[in-house]
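Below is one structure; the comments refer to it alone.
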Amino acid sequence: MLTYAAAMAGMSRTAMDAAAHTRLMPGLTPRTHEIRAEYASLLHVFARFAKWPEAERSGPPPKLGLRHAHFSNFTWHHTRAMNLAAHVAFNPANETVKEMLASAMELLRVVVDKIPRDARSKPGPGNGIYSPNNRAVAAIMLAVAEGRAAQVTGDKDRAVDFVKEAVLLEDALSYMEPPYVLQPVRQCLGKLLLDLGRLPEAEEAYRADLRTFPENGWSLLGLYHSILFQEEDATTKSDTRQEEVADLKRRTEAAWDHADLLIDSSCPAFEASAYLWGSGKA
């Protein structure tokens, strides 16, 4: 729970510390999904904040003695693919990295099929609250990675389709505290739509996320930008919208009151990065 709450509040160091501690806790809480992948949790945080160098330094999953090993292995490959996509976004002319991304995505599609089918449990709808839902979460992560890879290689419409698919898959998950997915997918959908200039759609994505996670800084920030940019483009300014922009700015600043870094994106993993996994340089 601490990992999730800290990540939502922009407290990256606290989130990383809490996630790192789960690697020391195998078997202590065997029925909770929060420890379903004691290795993977930290990788989720790294991707949430686009901490690619830290992800590489953490090393791949151990070969033995790891619960939910296939999910942890998938998460490792997912994080690597997301980093490569960020590097392609930073330098679109680098054909070598594009080939590396294509290979990473091919491998990711293979690895996801090695994750065992989710067991059903009771109580709760769907697979129930005691199911780890590893396969379901991995399907969401794969769709997000597919969307990101499509975005950075120029297939914008397909990118949106993939991330919208991830949103639907996330919505189908059963209720859990904390939620199964560390970063609500609508925050990345909004970012993608924002970058494509599809501002009304981005606005709706952020509003929908705020209905589920009220006053979270990530979607407040995205909503602020989506309305601000629409107002800048409008031939006739709206007093109501201008007031909402000012209010969103205030609420966003309040939401980041405890953040330990400057956050200027609702989905850092969908930003460009100068760091290339495996080389330590751009």
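For the residue pairs LYS191/LYS237; LYS63/LYS98; LYS63/LYS114; LYS156/LYS237, alpha carbon separations beyond 19 Å are given by LYS191/LYS237; LYS63/LYS98; LYS156/LYS237. Rounded to the nearest 500, the 222 nm mean residue ellipticity of the chain from helices alone is -19000 deg cm²/dmol, with -39,500 (n - 2.57) taken per DSSP H run of at least 4 residues. Among the GluC sites (Glu not before Pro) in the range 212-269, those located in a DSSP loop and surrounded by at most 15 other Cβ atoms within 10 Å of their own Cβ are GLU215.
The calculated Kirkwood hydrodynamic radius for the range 46-92 is 11.5 Å, given to one decimal from all distinct C-alpha pairs.
Based on other C-beta atoms within 10 Å, arrange TRP76, TRP218 from fewest to most.
Details: TRP76 20, TRP218 31.
The most exposed by this proxy come first: TRP76, TRP218.
Can you work out the FRET efficiency for the pair ARG250 and ALA102, with r the C-beta to C-beta distance and R0 = 30 Å, to the nearest 0.05? That pair, ARG250 with ALA102, gives E of 0.10.
Between 0 and 90 degrees, the angle of helix 199-212 with respect to the longest Cα principal axis of the chain falls at about 50 degrees. Amide H to amide H, with H built 1.01 Å from N, SER131 comes under 5 Å of SER121, counting only residues 5 or more places away or on other chains.
When the Gaussian network model of the chain links Cα atoms closer than 10 Å, the mean-square fluctuations of SER226, SER238, SER103 top out at SER238.
Considering only alpha-carbon pairs that sit under 8 angstrom and 6 or more positions apart, the relative contact order computed for the chain is 22 percent. Each Cα pair under 8 Å and six or more residues apart adds its separation to the average, and for the range 114-157 the resulting relative contact order is 26 percent. Note on the chain: Cα-only Rg and Dmax are 18.6, 63 Å. Relative to the dominant Cα principal axis of the chain, helix 95-112 is inclined by about 60°.
Please find the FRET efficiency linking ARG211 to TYR130, where r is the Cβ-Cβ separation and R0 is fixed at 25 Å, and quote it to the nearest 0.05. It comes out at approximately 0.35. Its Cα gyration tensor gives the range 186-282 an equivalent ellipsoid. The semi-axes, each the square root of 5 times an eigenvalue, are 26, 16, 12 Å from largest down. Between helix 239-255 and the chain there is an angle of about 40 degrees, using the helix long axis and the longest principal axis of the Cα atoms. Converting the Cα gyration tensor eigenvalues of the range 90-146 into ellipsoid dimensions via √(5λ) gives semi-axes, longest first, of 34, 11, 5 Å.
3J(HN,Hα) along the range 116-127: x, 4, 5, 6, 8, 9, 10, x, x, x, x, 7 Hz, from the Karplus curve 6.51 cos²θ - 1.76 cosθ + 1.60 with θ = phi - 60°, whole Hz, x for Gly and Pro. Rg/Rh for the range 114-205 (Cα atoms only, Rh after Kirkwood) is 1.04.
When the alpha-carbon atoms of the range 57-175 are used, the pair Rg, Dmax equals 15.6, 51 angstrom. Largest mean-square fluctuation among GLN183, GLN151, GLN230, in a Gaussian network model of the chain whose springs join Cα atoms under 10 Å apart, belongs to GLN230.
Quick note: the coordinates plus some simple rules give every number you see, no bench work behind them. This one's a predicted model, so the numbers in the text were calculated from it and none came from an experiment. When we count neighbours, we look across all protein chains shown, and the Cβ atoms used for this are built from the backbone with ideal geometry, even at glycine.
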